[in-house]
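The values are calculated or read from the model by the stated rules, or taken from the named source; none is laboratory data. Note that the structure is a prediction, hence the values are computed from the model and not measured. In this analysis, Cβ positions are derived from the backbone assuming ideal geometry, glycine residues included, and neighbour counts consider all displayed protein chains.
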Amino acid sequence: MNVIDTARANSRRRPIIIGICGAQGSGKTTLAAALIERLAGLAQPAASLSIDDLYLTQAKRHKLARDVHPLLATRGVPGTHDIALGIAVFDGLAKGLATHLPRFDKACDDRAPYADWDLAPQDCEVLIFEGWCVGARPQSAQELVRPVNLLEAQEDAAGTWRHFANNALAGVYQELFGRIDKLVLLAAPDFDCVFDWRMQQESDLEASLAKDAPKTMNACQIARFIQHYERLTRHILSEMPARADLVVRLDQQRRPLEIQKRRVDQHRPE
């Protein structure tokens, strides 16, 4: 809550936007829900939005797969989100309007029907914006040369996919992330623990689904899936701690080991 209070003191904009970044399974959604519950107890209008809920529809991603690179059929990397939709949501909230928040149905890998979208309250004071690459910055051209895993080596040997994602991140994503007032990083100890965390997420998802729902991913599918995120996750863990307003360093069980606050004189200008 101190991060939210500091954001309020340093910005005249409403709602205050708190960005929460962290690898898959690091606890972003749990933290966002806890903050929303706390704000509700204080009678402060608030809402949460995940960058996952801004994924392009399945049809649009399949078009990208045909036109640009087959790996873009899989949701995840920059370039597979509807950033214009996210900016429209931010704009609506900034006007004090009750604003519909997009929702994505991961079970069917497509955007949920509009009727299922949540409604952010009128005159919303705080928006929690969370996601695995929220606040991320692009890599240099040199960093893109060498593949980081088998997926890139075997399925993106020419680098077309990773260059497309990096160029997208350098473009409109920075406009969206520029709206963030305070940035929180849930820092995993390393990328290797992401597989276990993602497996637990999939298990929880499977337990919540109806019997006739589409099947969730198995271990082999998850191992391949997280390779889509590996490059940028490693980059975030390397460069974001130096500029995030708050860094929560986690252990393998996602327990906080250390909390680091950025010095006041390092705060980004308003």
Which pairs have Cβ atoms under 8 Å, sit 6 or more apart or on different chains, and link a residue in region 42-55 that is touching a residue at least 40 places away in the same chain (Cβ under 8 Å) to one that is of a type in the set (Ser, Thr, Tyr) and surrounded by fewer than 23 Cβ atoms within 10 Å (Cβ to Cβ)? Ser50/Thr29; Tyr55/Thr80
When you look at Leu101, is it of a type in the set (A, V, I, L, M), surrounded by 14 or more Cβ atoms within 10 Å (Cβ to Cβ) and touching a helix residue (DSSP H, G or I) at 6+ places or on another chain (Cβ under 6 Å), yes or no? no
Condition first: among the small types (Gly, Ala, Ser) and at pLDDT 95 or above. Now tell me which residues in region 35-65 satisfy that. Ala46, Ala47, Ser48, Ser50, Ala59, Ala65
Selection over region 167-205 where residues are out of contact with any strand residue (DSSP E or B) (no Cβ under 7 Å at 6 or more places or on another chain), at pLDDT 95 or above and among the charged types (D, E, K, R) yields a count of 1
Which of the numbered conditions does Thr233 fail, given that it passes all the others? Conditions: (1) touching a helix residue (DSSP H, G or I) at 6+ places or on another chain (Cβ under 9 Å); (2) polar (S, T, N, Q); (3) at pLDDT below 95; (4) in a helix (DSSP H, G or I). (3)
Candidate set from region 59-98 (those that are buried (at least 16 other Cβ atoms within 10 Å of the Cβ) and basic (Lys, Arg)); member that is farthest from Gly131 (Cα to Cα): Arg61
Tell me, please, whether a residue that is in contact with a strand residue (DSSP E or B) (Cβ under 9 Å, 6 or more places away or on another chain), surrounded by 15 or more Cβ atoms within 10 Å (Cβ to Cβ), on the phi > 0 side of the Ramachandran plot and of a type in the set (D, E, K, R) can be found in region 127-142. no
Could you grab me the full set of residues in region 16-40 that are touching a residue at least 24 places away in the same chain (Cβ under 8 Å), within 15 Å of the chain's Cα centre (by Cα), assigned to a helix (DSSP H, G or I) and farther than 11 Å from Gly131 by Cα? Leu31
Would you pick out the residues in region 142-160 that are within 17 Å of His235 (Cα to Cα) and more than 24 Å from the chain's Cα centre (by Cα)? Gln142, Val145, Arg146
Members of region 56-71 found to be among the aliphatic types (A, V, I, L, M) and either without any contact (Cβ under 8 Å) to a residue 60 or more places away in the chain or part of a helix (DSSP H, G or I) (or both), listed by number: Leu56, Ala59, Leu64, Ala65, Leu71
Enumerate the pairs (first residue in region 237-249 and modelled with pLDDT of 95 or more; second residue anywhere and hydroxyl-bearing (Ser, Thr, Tyr) and in a helix (DSSP H, G or I)) with beta-carbon separation below 8 Å, excluding pairs fewer than 6 apart on the same chain, so at least 6 apart or on different chains. Asp245/Thr6
Picked from region 145-194 (must be among the basic types (Lys, Arg) and buried (at least 21 other Cβ atoms within 10 Å of the Cβ)), the residue farthest from Val134 (Cα to Cα) is Arg162
